[in-house]
Amino acid sequence: MIQAILWDIDGTLLDFAPAERAALRACFQQFGLGPCPDEQIARYAEINRTYWRRLERGELTKPQILVGRFQDFFAAEGIACPDIEAFNLLFQRHLGETVVFRDHGDQLICSLKGTVLQYAVTNGTCVAQRRKLEKSGLSRLLDRVFISEEVGAEKPDPRFFDAVFSVLGEVPRDQVLIVGDSLTSDMQGGRNASIRCCWYNPQGETAPPDLSPDFIIQNLEQVRDILAQENGTG
């Protein structure tokens, strides 16, 4: 049986790429750094992914990745940014302004409300996540929001999930399902916490043998099938 779903936000319920693209271009404009074409955004996105993976492995702290990724990006692009810390802060604010749901995730969550507990679990910054959760309506639809900066630990650290279970109380861990797109953050985190794992994998990639999720879906609507299978509902 599944009593609670832990939803990842960026890359799962919300499409992160449009928000990232809009935020970068807005910051470039406000800092007078010229145009920011798609090719440049793609190069930044790869640097950003590398930094977040280092955070998940415990190699860097959150403040180090937030500034370090832009330091590397601007250096590689030959761009002289006058204040990288201010650029990052502005970027966080803009990230929360663009909301694009994947697979009508808002409708899914709304329809499941009251049948299972639904929590958000995210490593994003408080500035960006609080804004996008409010603007998207998810803060009102979900039962609780867990942001790593507020928790004091990042997914996949078991301490992040300990904070979740301090609220879930008596719900058994094998009746909790995490749904997320990241193998290193969400799926590894779920394994570390001894909960069930659903990998949101819209590109149809192959899961590594050492990290085999309990469920693999390509569309969020398939969560209904999982609930129907496990709970006789959906």
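The values are calculated or read from the model by the stated rules, or taken from the named source; none is laboratory data. Just so it is clear, the structure is predicted and the values come from calculations on it, not from any experiment. Note that we place each Cβ from the backbone using ideal geometry, even for glycine, and neighbour counts take in every protein chain shown. For the accessible areas, the whole protein counts, side chains as well, though only heavy atoms, and no ligand, DNA or RNA atoms are used. Shrake-Rupley method; radii C 1.70, N 1.55, O 1.52, S 1.80 Å.
Of the heavy-atom accessible surface of the stretch 1-94 (probe 1.4 angstrom), what whole percent is carbon and sulfur?
In the stretch 1-94, the share of accessible area belonging to carbon and sulfur is 52 percent.
If I ignore ligands, DNA and RNA and count only protein heavy atoms, how much of Asp162 is accessible to a 1.4 Å probe, in Å² to the nearest 10?
Around 80 Å² of this residue is reachable by solvent.
Along the Cα-to-Cβ line of Glu46, 7 Å from the Cα, sits a label point; which residues in the stretch 1-34 have backbone N less than 18 Å from it?
Backbone N within reach: 17, 21.
Picking from Thr206, Asn88, Phe16, whose Cα lies most toward the positive end of the charge dipole for the chain (charges on Cβ: Lys, Arg +1; Asp, Glu -1)?
Farthest towards the positive pole: Asn88.
Using a basic spin-label model with each label point 7 Å from the Cα along Cα→Cβ, how many nm lie between Asp214 and Thr184?
Going by the 7 Å Cα→Cβ label model, 2.5 nm.
Just how much of Arg144 is accessible, in Å², when a 1.4 Å probe is used and the result is rounded to the nearest 10?
110
Within the stretch 170-234, what whole-number % of the accessible surface is contributed by carbon and sulfur, with the 1.4 Å probe and all protein chains included in the calculation?
Carbon-and-sulfur percentage of accessible area, whole number: 43.
Which of [x] 118; [y] 101; [z] 171 is the computed volume of the Cα convex hull per residue in Å³ for the structure on display?
Identified label for the calculated read-out: [x].
Any aspartates and glutamates with Cα under 15 Å of the Lys135 Cα? List them, leaving off those in the same chain fewer than 8 positions away.
Asp10, Asp15, Glu97, Asp106
Rolling a 1.4 angstrom probe over the protein heavy atoms, how many square angstrom per residue are accessible across the stretch 9-141?
45
Cut-off 18 Å, label point 7 angstrom out along Cα-to-Cβ of Arg53: give me the residues of the stretch 67-85 whose amide nitrogen falls inside.
Under cut-off, by backbone N: 68-70, 72-73.
Considering all alpha-carbon pairs of the stretch 45-99, what whole percent are spaced by more than 16 angstrom?
Beyond 16 Å sits 46 percent of the P(r) for the stretch 45-99.
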